[in-house]
1. List the residues, sorted by chain then number, that are 5 or more residues from Val154 or on another chain and whose placed amide H is less than 5 Å from its amide H.
2. Would you give the gap between the C-alpha center of the stretch 100-158 and the C-alpha center of the stretch 1-76, rounded to a whole Å?
3. Counting pairs on different chains as well as pairs 8 or more places apart, how many Lys pairs in the chain have Cα atoms under 28 Å apart?
4. Leaving ligands, DNA and RNA out of it, report the carbon-plus-sulfur percent of the accessible area of the chain at a 1.4 Å probe.
5. Per residue, how much accessible area does the chain show when a 1.4 Å probe rolls over the protein heavy atoms, in square angstrom?
6. Provide the solvent-accessible area of Thr69, counting protein heavy atoms only and rolling a 1.4 Å probe, rounded to the nearest 10 Å².
7. From the phi of every residue in the stretch 14-24, what ³J(HN,Hα) in whole Hz does the Karplus formula 6.51 cos²θ - 1.76 cosθ + 1.60 yield, where θ is phi - 60° and glycine or proline is x?
8. Relative contact order for the stretch 8-158: what is it in percent, counting Cα pairs under 8 Å that are at least 6 residues apart?
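The values are calculated or read from the model by the stated rules, or taken from the named source; none is laboratory data. Only a predicted model underlies this, so the values are computations on that prediction, with no experimental measurement involved. Cβ coordinates were reconstructed from backbone atoms using ideal geometry, including for glycine residues, and neighbour counts include every protein chain displayed. Please note that ligands, DNA and RNA were not included when accessible areas were found on the heavy atoms of the full protein model with its side chains. Shrake-Rupley method; radii C 1.70, N 1.55, O 1.52, S 1.80 Å.
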Amino acid sequence: MSTIKVQDIQHTSNSNDAISLASDSSVSLKHSGSAKLATTATGITATGGTFTGSVVFEDAINENVFDITDDSSVALDPDNGMVQTWTLGANRIATDSLTTGQSMLLIVTASSSNYTLTWPTMKWRGGSAPTLGGANATAIELFKVGSQLYGATVGDLS
């Protein structure tokens, strides 16, 4: 059996590395020189892309929790994280930045029971937006199908 030792592999038509092999035997598959799939000591790291077909996860999926910076108007965007927290400092306005097929869990704390949140045009489970729980956080699931944004109140978290 013969051994070929290389560090990087490139296509003959450009100088971008397509495959890189590190001294620890990790491998990185690249597109236009940017790593898209890399092996690690504990598994793989995938960057960007779309899964097609069935995908099976046999362990926990760890989400980033994103703390929304309070402002008078905030775009609700699951690209920041699938779980987001927002502590209102006054009456606020939420705008829709979801695309079809996206969803997110929003945990809102209205630090005063009098603070309100104006929602984008959407359909609510039960027909109306939740009354926020003041000092108790309110959990809300948002999801978009086509151009329609939907909301469902999970409830107050006390």
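1. Ala139, Ile140, Glu141
2. 34
3. 4
4. Its accessible area is 50 percent carbon and sulfur atoms.
5. Ligands and nucleic acids excluded, the figure is 67 Å² per residue.
6. Accessible surface of Thr69 is approximately 110 Å².
7. Residue by residue, the stretch 14-24 yields 8, 9, 6, 5, 9, 9, 10, 10, 8, 5, 8 Hz.
8. 14
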